[in-house]
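Structure record follows, encoded as structure tokens.
The values are calculated or read from the model by the stated rules, or taken from the named source; none is laboratory data. On a predicted model such as this, the values are computed, not experimentally measured, just so you know. Positions of Cβ are backbone-derived with ideal geometry, glycine not excepted, and every protein chain shown enters the neighbour counts.
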Amino acid sequence: MSVKLISDSACDMTQREAGEKGVIILPVKTMIDGEEYLDGVTITTEEFYQKLETCRDLPTTSQPSPADFAAILEPVVAAGDEAVVITLAGKLSGTYQSAVIAAEDAKGGVWVVDSASATIGQNILLRYAIRLRDQGLTGGEIARELERVKGRVCLLARVDTLEYLMRGGRLSRTAAIAGTLLQIKPVISVEDGEIHVLGKARGSKQSDNMLTEFIEKTGGIDFDMPVMLAYSGTDDALLRGYVENSRRLWEGRLDDLPITMIGSTISTHAGPGAIAVAFFAKERP
């Protein structure tokens, strides 16, 4: 009996890496100008950003259905294996509920964990699950450990442009124009599945500093656990600038910084130029 790890593509782990790590990634559906794409399957992240710049309407996304999850889970259960499903935050998407419905129909051997996060916050929880699986833990043991630690997952980001928040109806046009003129770069977090604005910096350098300050305020990064950085868009120059500006956080603590691109699920609203950091906060004594 083995344990299969399953997640949705909002975790921003590529299909190639997932295959290498023995993970199943169920694609989120992205609709662009009337055409539907499967995230990471029929459209790459790079292709998504190219279309984002030229599309008439803001892309929309829809979660995998219970039937989509069932198609993955049924052969796993039939083979006598277990499955742990790690989803995008239930407060941000119906993906978690779809997985729960499919798990109930599977009748045993399936555990569903709401990551309470998104993109690389969800990703580092999945990476921890991979570590636990490789250590030989059962599906139930992995799920219980993920539930225990997921409250320590910190996902912080800064947004470079307000245009996409405006186009998605999350910010008024007046506020977006004013913020753009003032070079406002919001710093946000995802906590318990909800998005919070932590601060509004003026200019990239100030927003980089503010992002680092909020990381330090969490109590410190647990470098024994997975850590990730990510950027949106096809150019990682802003991320490289941030890494240089925040060198004191990483120097001497990591051999390398794992970096990925933020996919369509989040970038539809964040737009290009966003920078995100995900880590486990140190456990309180």
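Key figures for this structure:
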{"item": "Of the criteria (1) in contact (Cβ under 8 Å) with a residue 60 or more places away in the chain; (2) within 19 Å of residue 11 (Cβ to Cβ), which one residue 257 fails", "result": "(1)"}
{"item": "Residue list for the stretch 31-59, restricted to those being β-branched (Val, Ile, Thr) and either in a helix (DSSP H, G or I) or within 17 Å of residue 232 (Cβ to Cβ) (or both)", "result": "32, 43, 44, 45, 54"}
{"item": "Selected residue (only one of 59, 66 is touching a residue at least 40 places away in the same chain (Cβ under 8 Å) and touching a helix residue (DSSP H, G or I) at 6+ places or on another chain (Cβ under 9 Å))", "result": "59"}
{"item": "Filter pass, residue 76 being at negative phi and in a helix (DSSP H, G or I)", "result": "yes"}
{"item": "Top-ranked residue in the stretch 137-153 [being more than 19 Å from the chain's Cα centre (by Cα) and among the aliphatic types (A, V, I, L, M); ranked as farthest from residue 190 (Cα to Cα)]", "result": "137"}
{"item": "Matching residues, the stretch 103-134, being crowded, with 24+ Cβ neighbours inside 10 Å and over 22 Å from residue 152 (Cβ atoms)", "result": "110"}
{"item": "Selection within the stretch 213-249 - within 23 Å of residue 127 (Cα to Cα) and either of a type in the set (Val, Ile, Thr) or in contact with a His (Cβ under 8 Å, 6 or more places away or on another chain) (or both)", "result": "215, 218, 221, 227, 243"}
{"item": "Pairs with Cβ under 9 Å, 6+ apart, first in the stretch 75-91 and without any contact (Cβ under 8 Å) to a residue 12 or more places away in the chain and in the same structural domain as residue 123 (by TED's automatic domain parsing), second assigned to a loop (DSSP other than H, G, I, E, B) and among the aliphatic types (A, V, I, L, M)", "result": "79/1"}
{"item": "Hey, residue 5 of a type in the set (A, V, I, L, M), at negative phi, part of a strand (DSSP E or B) and modelled with pLDDT of 95 or more or not", "result": "yes"}
{"item": "Selection status of residue 126, in contact with a helix residue (DSSP H, G or I) (Cβ under 6 Å, 6 or more places away or on another chain), in a helix (DSSP H, G or I) and without any contact (Cβ under 8 Å) to a residue 40 or more places away in the chain", "result": "no"}
{"item": "Residue count for the stretch 79-112, restricted to those that are over 17 Å from residue 38 (Cα atoms) and assigned to a strand (DSSP E or B)", "result": "8"}
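Yes/no matrix, rows are residues, columns are (1) surrounded by 15 or more Cβ atoms within 10 Å (Cβ to Cβ); (2) among the basic types (Lys, Arg); (3) in the same structural domain as residue 273 (by TED's automatic domain parsing); (4) modelled with pLDDT of 95 or more:
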site: 11; (1), (2), (3), (4): yes, no, no, yes
site: 19; (1), (2), (3), (4): no, no, no, yes
site: 26; (1), (2), (3), (4): yes, no, no, yes
site: 34; (1), (2), (3), (4): no, no, no, no
site: 41; (1), (2), (3), (4): no, no, no, no
site: 47; (1), (2), (3), (4): no, no, no, no
site: 56; (1), (2), (3), (4): no, yes, no, no
